[in-house]
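Shown next, in structure tokens, is the structure this report addresses.
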2 protein chains.
Amino acid sequence: MREDFQAELDRVSSTLVTMAMAARETMRQASTALITADHTVALQVTARDAEIDVLYRVAEDRAYDLVARRQPVADDLRKAVTSIQVAADLRRMGGLAVHVARSVLRRHPAPAVVPELAELFQAMGTVADGLAGKIVSALSDHDAVLAAQLDRDDDAMDHLYQRLFAVLLSPDWPMGVEAAIDGALLGRYYERYADNAVNVGHHVVALITGKTD
Amino acid sequence: MREDFQAELDRVSSTLVTMAMAARETMRQASTALITADHTVALQVTARDAEIDVLYRVAEDRAYDLVARRQPVADDLRKAVTSIQVAADLRRMGGLAVHVARSVLRRHPAPAVVPELAELFQAMGTVADGLAGKIVSALSDHDAVLAAQLDRDDDAMDHLYQRLFAVLLSPDWPMGVEAAIDGALLGRYYERYADNAVNVGHHVVALITGKTD
């Protein structure tokens, strides 16, 4: 019976892995679209929003079904409910990738990031991809240590976010108000994406250990 | 037995009502601090973040405890788990009020909103307060109809958010880049607050009816 529960929880987790891969891939595409002002790729990102929504429903239904049939208690119950929270976090990450893609679509054919910021956003995209990749691995391998590292990894994004504002607010910023606002909001999407990744990290630790921090 | 479950769920809900009141009050204070550049009030908002966090833990623990002891199935199970999701949404709303308050602290003694935007942010504060007030009522009175109205009420915030960007991006915006970035990010906090309120609305409908939309 106990083993059945874990096997079924793993089935929920496999949906979470698929979601995490989608949340990673959409942000990777959104970052590419942002740097190259690629309308087609940006559109592909927005189209995947619905797919991530469906995966969320699948994960949620499987978790409810698991609890209803197995009636787990204590740690097992927390694990099952936590899997729903992970799914919600991953959906939010996908949503933030869509926000980036929408910025690209709004400014097309002009780029949504001015050349002065391209390098910074490339770095933000790389950090975001690393965080999401670690989530995929932590979920796939049930690796709580890897999940716990996300907290520290997020420092790199915070650092880039601060550098972004230093550039935007420097007295010799040459690009005007619109480009500054675009930069600030895009930066916020990446920063939120990373923050949600940290949340996933905490939840994945709970998903593996059954303990909340 | 069935009645006991509902009575215990109401106990979880009463914590959610307290959280909703705190999420409302913190944004109300943050809006006041923003319009009047009031350092003391802004500090009070940031101090209440920890209080909302504690309330979140209480709501979560009560919900887990309820599920563990009562072993509800089907709609009752969904209601119990949904109450955790409502708590998470409300915590996010409180967090956004803290973001507003931090902007006030960062610019103090200068105001974080320039006079050109004061009226717009006053209106955003009023809409946010209305949304949060409706959440308090919907949760207190188990009123699914009221909760469902939040979707429509959010249109007012979206409208204000669009007007904000029209002002910030108008060719005769006189206040420079920093004020524009502050305005854009503050606007985003209010817009996210309202979006989370809409999420609460959906979840409260599920909490009352046991059905997800």
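Just so it is clear, none of the values below were taken in a lab; they were calculated from the coordinates. Not measured: the values here are computed from a predicted model. As a convention, Cβ positions derive from the backbone with ideal geometry for all residues, glycine included, and neighbour counts pool all protein chains shown.
Taking the inverse of the mean reciprocal distance over all distinct Cα pairs, the Kirkwood hydrodynamic radius of the protein assembly as shown comes to 22.2 Å. The Rg/Rh ratio for the stretch B:11-103 is 1.11, where Rg is the radius of gyration of the alpha carbons and Rh is the Kirkwood radius. Label zone (B:THR209, point 7 Å along Cα-to-C-beta; backbone nitrogen cut-off 20 Å) within the stretch B:114-155: B:134-155.
For chain B, the alpha carbon convex hull comes to 96 Å³ per residue, rounded to a whole number.
Summarised in one figure, the compactness ratio Rg/Rh of the stretch A:98-152, Cα atoms and Kirkwood Rh, is 1.16.
The mean number of Cβ atoms from other chains found within 10 Å of a Cβ in peptide B:178-184 is 5, as a whole number. Loop-located chymotrypsin sites (Phe, Trp or Tyr not before Pro) across the stretch B:44-134 with a Cβ neighbour count of 10 or fewer within 10 Å are lacking, with loop assigned by DSSP. Positive end of the dipole of the protein assembly as shown (Cβ unit charges, origin at the Cα centre): among B:LEU169, A:THR82, B:HIS108, the Cα lying farthest that way belongs to A:THR82.
Taken as Cα centroids, the stretch B:11-25 and the stretch A:62-111 sit 24 Å apart, rounded to the nearest whole angstrom. Plainly put, the tip 7 Å out from Cα toward Cβ on B:ASP61 is 3.6 nm from that tip on each other copy, the closest given first. Computed from point charges on the beta carbon alone (+1 for Lys and Arg, -1 for Asp and Glu), the dipole magnitude for the protein assembly as shown about its Cα centre is near 300 Debye. Each residue in A:LYS79, A:LYS211 was given a count of other beta-carbon atoms within 10 angstrom of its own, and listing them fewest first yields A:LYS211, A:LYS79.
Placing +1 on each Lys and Arg Cβ and -1 on each Asp and Glu Cβ, with no other charges, gives chain A a dipole about its Cα centre of roughly 400 debye. Can you give me the P(r) profile for the stretch A:139-213? Cα pairs, bins 5 angstrom wide beginning at 0, each as a whole percent. Calculated over all Cα pairs of the stretch A:139-213, the distribution is 3, 15, 20, 16, 13, 10, 9, 6, 5, 3, 0 percent.
Can you pick out the pairs among A:LYS134/B:LYS79; A:LYS211/B:LYS134; A:LYS134/A:LYS211 whose Cα atoms lie more than 24 Å from each other? Table pairs above 24 Å Cα-Cα are A:LYS134/B:LYS79; A:LYS211/B:LYS134. Computed from phi, the 3J(HN,Hα) profile of the stretch B:49-55 under the Karplus parametrisation 6.51, -1.76, 1.60 (θ = phi - 60°) reads 4, 5, 4, 5, 4, 4, 4 Hz, with x in place of Gly and Pro. Rounded to the nearest 0.05, the FRET efficiency derived from the C-beta distance between B:VAL73 and A:GLN44 at R0 = 30 Å is 0.15.
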